[in-house]
1. Return yes when residue 190 is touching a Leu at 6+ places or on another chain (Cβ under 6 Å), of a type outside the set (Gly, Ala, Ser), outside any strand (DSSP E or B) and not assigned by TED's automatic domain parsing to the domain that holds residue 90 and no when it is not.
2. Among the residues of region 268-314, which ones are hydrophobic (A, V, I, L, M, F, W, C) and more than 21 Å from the chain's Cα centre (by Cα)?
3. Could you count how many residues in region 304-334 are part of a loop (DSSP other than H, G, I, E, B) and either in contact (Cβ under 8 Å) with a residue 60 or more places away in the chain or more than 30 Å from residue 35 (Cβ to Cβ) (or both)?
4. Could you check residue 324 against (1) touching a Ser or Thr at 6+ places or on another chain (Cβ under 9 Å); (2) under 30 Å from residue 56 (Cβ atoms) and say which number it fails?
5. Report yes if residue 322 is within 18 Å of residue 396 (Cβ to Cβ), in contact with an Asp or Glu (Cβ under 8 Å, 6 or more places away or on another chain), surrounded by 15 or more Cβ atoms within 10 Å (Cβ to Cβ) and not aromatic (Phe, Trp, Tyr), otherwise no.
6. From the list 309, 294, 289, exactly one residue is under 20 Å from residue 117 (Cα atoms) and either out of contact with any helix residue (DSSP H, G or I) (no Cβ under 6 Å at 6 or more places or on another chain) or buried (at least 24 other Cβ atoms within 10 Å of the Cβ) (or both). Which is it?
7. Do you know which residues across region 174-187 are free of Cβ contacts under 8 Å to residues at least 60 places away in the same chain and assigned to a strand (DSSP E or B)?
Amino acid sequence: MHPAPHETEHLVIIGNGMAGHRLVEALLKEPGRPARITVIGDEATPAYNRILLSPWLAGEMERQALTLREAEWYAAQGVELLLGERVASIDRVARRLTTDAGRALDYHRLVLATGSRPAMPAVPGIALSGVHGFRDLSDAEALAGVAERGGRVVVIGGGLLGLEAAEGLRKRGQGSRGLAVCVLQRSARLMNRQLDATAAGLLEAELARRGLAIHTGAQLAAIEGDHHGRVSGVRLVDGQRLVADCVVVAAGITPNAELGQRAGLDVDRAIVVDDTLTTSDPAIHALGECCQFEGTTYGLVEPIWRQVEVLAERLTADPAEGIRYEERPCATKLKISGISLFAFGPIEPDAGHDVLAYHDPEQGDYRRLLLRDGRLEGAILYGDTAMGPWLFDQAQAGGDLGPCRRALLLGAADADALLDAHHSDTNSDNPDRPVKEAA
C-alpha cells in the first residue's frame, strides 16, 4: 500500500508574513498536513502582525506584542524556518528553488506569499536618503527614530496607511523638540475611496486639531535633496515647496510578483490564481497581496484570511471536494486611537438611492446610509460606529429594511425590534407561513 501524497510531500512556503504564517497555522490543524513544511522569509525576524505597526509606531504597545510566533515554535511544530534569505529563482521543471544564499531546495508543492511593497511614485528624488516607506518592521523602526529626533516630516498619501503613519509619527514624537508632520493628499479629500465629503471633513478637522497639517489637492512633482544626497523638501505641481527632513511614501502598494514572473507564471498586476489559489502551474499556489483573482488584488486581511482557508483545504484534502474562493465585500476601519470610522459599499449615491443621514457636529457623529428598494448597499459611520457591524451584516443578507427604516440611524436594537415586530405581524397575517424559532 502506497503512502498518501501528503505523507511524503514537501511543501515550501515563500514568505513569512501574515498570510504565509496564517497558512502554516491552518495546515498544522489539519490531519492531512504535508509531512515536511519549509518556510522561507527574507526578513530576519519571525512573522509579526503588520496591522499593529501603526499603534506600535504611536508608542501604544511593546515590540513583543507584534510577534505572532517565536522561532522556537516553528521548530516544535516540525516546521523548518529559514529567515534572512530571499528566493532568487524557481526551476519549475525540476521543482527546485534557489535562494540568494546559494541554498537549493526541492519541493512538491510551492506557495508564493511574497506580499507587497510601497508603491513609489516616479518623481525626481525618490531615491534620496530620508525617503521611507511604511510597510514592514524596519520601516516602522526607522520612522520611530525620526519621530524621536524631531524635524519636519511629509507623508505622501491621505488614505488609511498614510494617516496611520502620520498620526503614529506625531504621537511618538510628542516628547521630541520641533517635530512637525504634514500629509499630502492628491484627492480633494482624505480617504476619498471610503468617505464622502462630510465624513472626510470631520476626519480632517480632528487630525488638524491634533497637530497634523493636511494638504488636499496636493500633487507631488519632486522630492528635493541637499548636496549630501539627503531629503531637504518636496515640490508640488503648483510650485509650492515644503521643507522636509523626511518623506514617508504611503500611497498604495505594489505586489511582489517578480519571482513568479521570472518563473514563467501568468502575471498581470500580480500573480494570477484561480478559485483554488492555484497559479498557471498546478504545483504552485499564490496567496495574499502578491496574487490576483478575477482582476482583483489585495491589501486588506479579511479576503486573505478566506484565501488561507481555501488553500489550506486544497493542500490537505481531496482537491475535487474543496471549497472555492470567491470575492465578498469588505468594510473599512481606521486604526487611529480616539477616531472611530466604519465604511462599506458605494461612496456617492446615484439616482436610485434612498439616502438616510444623521449629523451631530458638536458630538462629532455622522452616519449616512444608502438603500435601494429597501436594501442597504453602503454606509459611512464616523464617531459612534457601534452599529457598523450590524449594518454590514444586514447589507450582506440583502433583506428588506423598509420596515425599520426610521430606526436605522438610531441603533441596532431599535432596528431589530421593528424588524421582529414586522415579521411577527406578517406571520400572524399568514398562519401557513413557518415561523423561525431561535436556537
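1. Values: touching a Leu at 6+ places or on another chain (Cβ under 6 Å): yes; of a type outside the set (Gly, Ala, Ser): yes; outside any strand (DSSP E or B): yes; not assigned by TED's automatic domain parsing to the domain that holds residue 90: yes.
It is true that residue 190 is touching a Leu at 6+ places or on another chain (Cβ under 6 Å), of a type outside the set (Gly, Ala, Ser), outside any strand (DSSP E or B) and not assigned by TED's automatic domain parsing to the domain that holds residue 90.
2. The initial filter retains those residues of region 268-314 that are hydrophobic (A, V, I, L, M, F, W, C), namely 270-273, 277, 283-284, 286-287, 290-291, 293, 300-301, 304-305, 308, 310-312.
Across region 268-314, the qualifying residues are 283, 284.
3. Looking only at region 304-334, we keep the residues that are part of a loop (DSSP other than H, G, I, E, B), and these are 317-318, 322-331, 334.
Next cut, either in contact (Cβ under 8 Å) with a residue 60 or more places away in the chain or more than 30 Å from residue 35 (Cβ to Cβ) (or both) only: 317, 326-331, 334.
Number satisfying all stated conditions: 8.
4. Evaluating residue 324 over (1) touching a Ser or Thr at 6+ places or on another chain (Cβ under 9 Å); (2) under 30 Å from residue 56 (Cβ atoms) leaves (2) as the failure.
5. Numbers: within 18 Å of residue 396 (Cβ to Cβ): no; in contact with an Asp or Glu (Cβ under 8 Å, 6 or more places away or on another chain): yes; surrounded by 15 or more Cβ atoms within 10 Å (Cβ to Cβ): yes; not aromatic (Phe, Trp, Tyr): yes.
Against the criterion (within 18 Å of residue 396 (Cβ to Cβ), in contact with an Asp or Glu (Cβ under 8 Å, 6 or more places away or on another chain), surrounded by 15 or more Cβ atoms within 10 Å (Cβ to Cβ) and not aromatic (Phe, Trp, Tyr)), residue 322 does not qualify.
6. On the way: 309 fails: under 20 Å from residue 117 (Cα atoms); 294 fails: under 20 Å from residue 117 (Cα atoms).
None of the others qualify; the one that does is 289.
7. The answer is 180, 181, 183, 184, 185.
Every residue, every condition in (1) assigned to a helix (DSSP H, G or I); (2) surrounded by 20 or more Cβ atoms within 10 Å (Cβ to Cβ); (3) in the same structural domain as residue 357 (by TED's automatic domain parsing), yes or no:
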{"position": "165", "(1), (2), (3)": "yes, yes, no"}
{"position": "168", "(1), (2), (3)": "yes, yes, no"}
{"position": "172", "(1), (2), (3)": "yes, yes, no"}
{"position": "198", "(1), (2), (3)": "yes, no, no"}
{"position": "201", "(1), (2), (3)": "yes, no, no"}
{"position": "218", "(1), (2), (3)": "no, yes, no"}
{"position": "228", "(1), (2), (3)": "no, no, no"}
{"position": "238", "(1), (2), (3)": "no, no, no"}
{"position": "247", "(1), (2), (3)": "no, yes, no"}
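The values are calculated or read from the model by the stated rules, or taken from the named source; none is laboratory data. These numbers were taken from a predicted model, which means no experiment stands behind them. When we count neighbours, we look across all protein chains shown, and the Cβ atoms used for this are built from the backbone with ideal geometry, even at glycine.
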